[in-house]
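A short write-up of the structure that comes next.
The values are calculated or read from the model by the stated rules, or taken from the named source; none is laboratory data. Computed from a prediction, not measured in an experiment: that's the story for all the values here. In this analysis, Cβ positions are derived from the backbone assuming ideal geometry, glycine residues included, and neighbour counts consider all displayed protein chains. The protein model used for the area step is the full one, side chains on, heavy atoms only, and it has no ligands, DNA or RNA in it. Shrake-Rupley method; radii C 1.70, N 1.55, O 1.52, S 1.80 Å.
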Amino acid sequence: MSLENMSIMRTLRNIRLFNPTDEHISRKVALSFIENPRPIYIQFDPGLQGTIYEEDKRDIEKGFISNGISSDITIITYGIWASKLKDEDLPVKLIDCFALPVDEEALVKEMSGSKKVITVEDGVSQGGIGSMMLEIMNEKDINIPLKRMALEFKNGYPENLVSREDVFKSEGLTIDMIKWDMKEITQINSLFY
């Protein structure tokens, strides 16, 4: 089970990272590599099969796809969590960053109007998609709260990594916990906005 690979690989320069959410994205990544050979790293998730997006919706160079919902809360994620959260059909803007780095200008434009950003990832928080968003928001002077949800392992790594779902559950990284955070954020926002 890979827990740190996206964080580690993100530190390398001139390499594009992909965490495809469906077969269409995987196919498009392969075709883009054939057309434009360059160093890439692909994390294929065995839990992802089939398609969840229409084939023409993905722009490999932009690196993300959004559900287009207008909401005060934006969830930014990739891979297995993009699939799980899309299945939940939550009333929030969901952005699947299937490629890193993303087109930062397009991403900032897509999240405009958000009052809170939540990042959700299947690996450790240090160096991952939450860190990427903090860097982008800092560089672009975007001052909205960001909550990172990832594996923290505050008590060290588990002795037995039985299954990813068990690890997620032991770390409090579940759909119910994400929904609880959204509810808490909504209540806090109503006090201040």
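Could you sort 83-95, 18-30 so that the peptide with the highest average Cβ count within 10 Å comes first and the rest follow in order?
Numbers: 83-95: 17.7, 18-30: 20.8.
So the peptides 83-95, 18-30, ranked by packing, come out 18-30, 83-95.
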Practice prompt. Return the FRET efficiency for the residue pair D89, N138: r is the Cβ-Cβ distance, R0 is 35 Å, and the value is rounded to the nearest 0.05.
Written response: 0.65
Discussion item. Show me the ranking of peptides 170-176, 59-65, 117-123 by mean Cβ neighbours inside 10 Å, starting with the highest.
Written reply: 117-123, 59-65, 170-176
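Any idea what the relative contact order of the range 1-145 is, in percent, if you count C-alpha pairs under 8 Å spaced at least 6 apart?
On the way: 234 pairs, mean separation 41.0, N = 145.
Relative CO of the range 1-145 lands at 28 percent.
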Worksheet entry | Convex hull volume per residue in cubic angstrom - Cα atoms of the range 1-72 | 134 Å³
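In whole percent, how big is the carbon plus sulfur part of the accessible area of the chain, probe 1.4 Å, protein atoms only?
On the way: 5140 of 10310 Å².
Answer for the chain is 50 percent, counting heavy atoms of protein chains only.
Measure up K28/K154; K28/K116; K28/K183; K62/K169; K109/K147 against 29 Å on the Cα-Cα distance and list the ones that go over.
Details: K28/K154 38 Å; K28/K116 31 Å; K28/K183 36 Å; K62/K169 32 Å; K109/K147 19 Å.
In this structure, K28/K154; K28/K116; K28/K183; K62/K169 exceed 29 Å between Cα atoms.
Work out the length of the dipole vector of the range 65-104 about its Cα centre, built from +1 on the beta-carbon of each Lys and Arg and -1 on the beta-carbon of each Asp and Glu, and round it to the nearest 20 debye. Write down the numbers at each step before the final one.
Numbers: 3 positive and 7 negative charges, 15 e Å.
Magnitude of the dipole: close to 80 debye.
Give me the percent of DSSP beta bridges within the chain that run antiparallel, rounded to the nearest 5.
20 percent
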Worksheet item: Remind me, what semi-axes does the range 81-153 give for its equivalent ellipsoid, largest first in whole Å, using sqrt of 5 times each Cα gyration tensor eigenvalue?
Response: 18, 16, 12
Practice prompt. Divide by every residue of the chain the summed helix terms, -39500 (n - 2.57) for each DSSP H run of at least 4, and state the resulting mean residue ellipticity at 222 nm, rounded to the nearest 500 deg cm²/dmol.
Written response: -11000 deg cm²/dmol
Practice prompt. Would you mind working out the magnitude of the charge dipole of the range 47-134 relative to its Cα centre, with +1 at each Lys and Arg C-beta and -1 at each Asp and Glu C-beta, to the nearest 20 Debye?
Written response: 280 debye
Worksheet item: Which helices count as membrane-span-like in the chain under these terms: full DSSP H, at least 20 Å along the axis by C-alpha, Kyte-Doolittle mean of 0.5 or more?
Response: none
Item to complete: State, in angstrom, two size descriptors of the range 30-173 derived from its alpha carbons: Rg to one decimal place and Dmax to the nearest whole number.
Response: 15.7, 45
Item to complete: Have a look at I80, P101, G113 and report the one farthest towards the positive end of the charge dipole of the range 71-118, computed about the Cα centre with Cβ charges (Lys/Arg +1, Asp/Glu -1).
Response: G113
